[in-house]
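As structure tokens, the structure follows; a few thoughts come after it.
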Amino acid sequence: MQDIELPRRYLPSGGAGTLGYELPAGIGAKVACPNDPVVVVVGDGGLLFMAEEFGMAGQHGIPVIVVVVNNGNLGLIRQNQKYAYSYEHGIRLRYEEEKYLPDNVKLIEAFGGKGERIFDARDLPKAFDRAMKSKVMYLIDVIVESDADCSMGAAINAVREFV
């Protein structure tokens, strides 16, 4: 297990709210340290801001692991509206419970990677094991409740035990 508390092991955006930072930062980290596992933890909305980076990573064979915390909406925007202004007009990305817009698994496969969708946190260890053994980009689309508030810190803590 890697200790992410060491220098250059945990690369947050500094709390600046920079949607889309995670994927290119993770790809850069993997290029800098190709023998170390790199795990990107991102929300479904943040992923879409820079999803085109899958093309570059796929073209150059950069095997990052991407864990998507997928609540089916732009969660930070929804939360800000809910708690600061008492209304919600956020964009729903999951337009029906069984349909995903976009389908993140198909998205990474379109760029030469592999992916899977899980609905139960107890399935994360096996999914993460498959991702760690993969030699290509790998996406784990973790479906959470639509109204779940974003807590990337909690998501990162859940993932760090596997790295």
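The values are calculated or read from the model by the stated rules, or taken from the named source; none is laboratory data. The model shown is predicted, which means the values in this text are computed figures rather than measured ones. Positions of Cβ are backbone-derived with ideal geometry, glycine not excepted, and every protein chain shown enters the neighbour counts.
Would you confirm, using the coordinates I've provided, whether F49 is at pLDDT below 90 and under 25 Å from L11 (Cβ atoms)? Step through it out loud before you land on a result.
Numbers: at pLDDT below 90: yes; under 25 Å from L11 (Cβ atoms): yes.
For F49, the condition - at pLDDT below 90 and under 25 Å from L11 (Cβ atoms) - is met.
If you go through region 89-139 and keep only what is at pLDDT below 85 and basic (K, R), you end up with R92, R94, K99. In region 108-145, the residue that is surrounded by the fewest Cβ atoms within 10 Å (Cβ to Cβ) out of those that are in contact with a helix residue (DSSP H, G or I) (Cβ under 9 Å, 6 or more places away or on another chain), touching a residue at least 60 places away in the same chain (Cβ under 8 Å) and under 20 Å from N71 (Cα atoms) is V144.
Of all residues in region 37-61, which are closer than 13 Å to I108 by Cβ, buried (at least 21 other Cβ atoms within 10 Å of the Cβ) and of a type in the set (A, V, I, L, M)? Those that are closer than 13 Å to I108 by Cβ, buried (at least 21 other Cβ atoms within 10 Å of the Cβ) and of a type in the set (A, V, I, L, M): V40, V42, L47, A57.
Of a type outside the set (D, E), farther than 21 Å from V144 by Cβ, modelled with pLDDT under 95 and assigned to a helix (DSSP H, G or I): is that true of A57 in this structure? The answer is no for A57.
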